[in-house]
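What follows is a set of notes on a single structure, which appears directly below.
The values are calculated or read from the model by the stated rules, or taken from the named source; none is laboratory data. Note that the structure is predicted; figures quoted are calculated from it, not measured. No Cβ is skipped: glycine too gets one built from the backbone with ideal geometry, and neighbour counts run over all protein chains shown. Just the protein is used for accessible areas: all its heavy atoms, side chains included, with ligands, DNA and RNA removed. Shrake-Rupley method; radii C 1.70, N 1.55, O 1.52, S 1.80 Å.
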Amino acid sequence: MTTHLHHPPAEAVSAEPLWRLGTAYFSRKTILTAAELGVFTSLSERPATAEELGARLGLHPRGTRDFLDALVALDMLEREGGVYRNTPIAEHYLNEDRPSYVGAFLSNADARWNRLIDALRSGEPQNRWGSGPEMFTEQYRTTAAWRNFTAGMDYLNGMIGPALAEAFDWSSVDSVVDVGGARGNLVAAILRRHPDLTVGVQDLPGVEPVFHEHMEQLGLTGKVTFHAGNFFEDPMPSAQALVMSHVLHDWGVPERRRLVASAFEALPPGGVLLICDPMIDEDRRGSAGALLTSLNMLMVTPHGSEYTTAECRTWLTEAGFAEITSSSLGAHNTLIVARRPL
């Protein structure tokens, strides 16, 4: 017997939610195109009218004003008396002359998402690098490449560091090392709020030059120690607190277990491990951001993904941790804190 499905009339189902989702890329593409054209870099040197900027960048007059005013509406530009200039966020992150520039990082992500079908059909990352530490070392052979990558990490952990500085009782420890901490942006936020802490970062040797650059730019030269090492091969530095922020989601479950166990071995009795990632709700209905980030990990890593707090608790318990707690960290991340028993 054939079952006929009865659908509501079209006028009863609003297309607006789908329209918002389907056209969200308009905004992204407008901002990334502006960065690629050098709009923000040019305006940083000298604010300009639409006609002046169009002439500088070789833009046709027909679309220039709408393009720039769209950037005003998106809070990337300001306009006063017909003259355009950067907003603070555009000046900081989209001006190519600044070390905090993330235009290349975002453009690479944009291009990668065009290959989502390939990733879903193959289960393979779309950058074609290895599954171990070479996933990073092969892609980022030069200081310039590390600079672009770590600027992207700063862009992400810049939203996490200040929240993490407030979310944990840092007076309960005297030292912290950010494992896989790139050029130190996250621990810099903690150090600013808690200047008595002894602070360090562990990351691959290729990161060290851009770490020292960044510390100098932040006025923190000599205040954060860099520990060069591969955390799969070298012991983690000793400290009363270890942080793994956006680290576990890069790897498969066996590697996550290894990293958590290594942290347990490195910590003294009573020491704490803080793990931060965009974790998936237990019923796997949200958050949308965590699930979408998990798709991004599909495209950039051989085995990485987001995970639930229950899964993380399992790895921590297996390693010997106790007193495991979880809480929201900002709008997009979850913080899990676990203690090595005395």
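Using just the alpha carbons, could you tell me how many Å³ per residue the convex hull of the chain encloses?
Values: hull volume 66.4 nm³, N = 342.
Convex hull of Cα atoms, per residue: 194 Å³.
Can you give the FRET efficiency for residue 126 and residue 37, using 1/(1 + (r/R0)^6), R0 = 35 Å, r = Cβ-Cβ distance, to the nearest 0.05? Display every interim value, and only then the final one.
Numbers: r = 25 Å, r/R0 = 0.72.
Efficiency, rounded to the nearest 0.05: 0.90.
Could you work out the helix-only [θ] at 222 nm for the chain, with each DSSP H run of four or more residues adding -39,500 (n - 2.57) and the total divided by the number of residues, to the nearest 500 deg cm²/dmol?
Numbers: 16 runs with 156 residues, N = 342.
Computed mean residue ellipticity for the chain: -13500 deg cm²/dmol.
Using a probe radius of 1.4 Å on heavy atoms only, what accessible surface per residue do you get for the chain? Whole Å² is fine.
Working: 17670 Å² over 342 residues.
Averaged over the residues of the chain, the accessible area is 52 Å².
Calculate the spin-label point distance for residue 281 paired with residue 220, positioning each point 7 Å from the Cα along the beta-carbon direction, and give it in nanometres.
With each label placed 7 Å out from Cα toward Cβ, I get 3.4 nm.
May I ask you to list the GluC sites (Glu not before Pro) in segment 253-293 that are in a DSSP loop and have at most 15 other Cβ atoms within 10 Å of their Cβ? Mind showing how you got there, number by number?
Details: sites: 255, 265, 282; in loops: 282.
Passing both the DSSP loop test and the Cβ count: 282.
Could you work out how far apart the two model spin labels at residue 83 and residue 324 are, taking each label as a point 7 Å from the Cα in the direction of the beta carbon, and quote it in nm?
Distance between label points: 5.8 nm.
Compute the length gained on full extension between residue 171 and residue 23: take 0.36 nm times their separation in residues and subtract their Cα-Cα distance, giving the result in nm to one decimal.
Numbers: separation 148, 0.36 × 148 = 53.28 nm, distance 4.66 nm.
Going from the current span to full extension adds 48.6 nm.
Please work out the Cα center distance from segment 33-56 to segment 213-292, rounded to the nearest Å.
If we compute the Cα centre of each part, the gap is 39 Å.
Nearest 10 degrees is fine. How inclined is helix 103-113 to the longest principal axis of the chain, computing both from alpha carbons?
90 degrees
Counting Lys and Arg as +1 and Asp and Glu as -1, each charge on the Cβ, what is the dipole of the chain about the Cα centre in debye, to the nearest 20?
Values: 28 positive and 42 negative charges, 79 e Å.
The calculation lands at about 380 debye.
How far is it, in nm, from the label point at residue 311 to the one at residue 295 when both lie 7 Å from their Cα along the line to the Cβ?
Those two pseudo-labels are separated by 1.7 nm.
Tell me the relative contact order for the chain as a rounded percent, counting alpha carbon contacts under 8 Å between residues six or more apart.
Details: 532 pairs, mean separation 43.1, N = 342.
Reported relative contact order: 13 percent.
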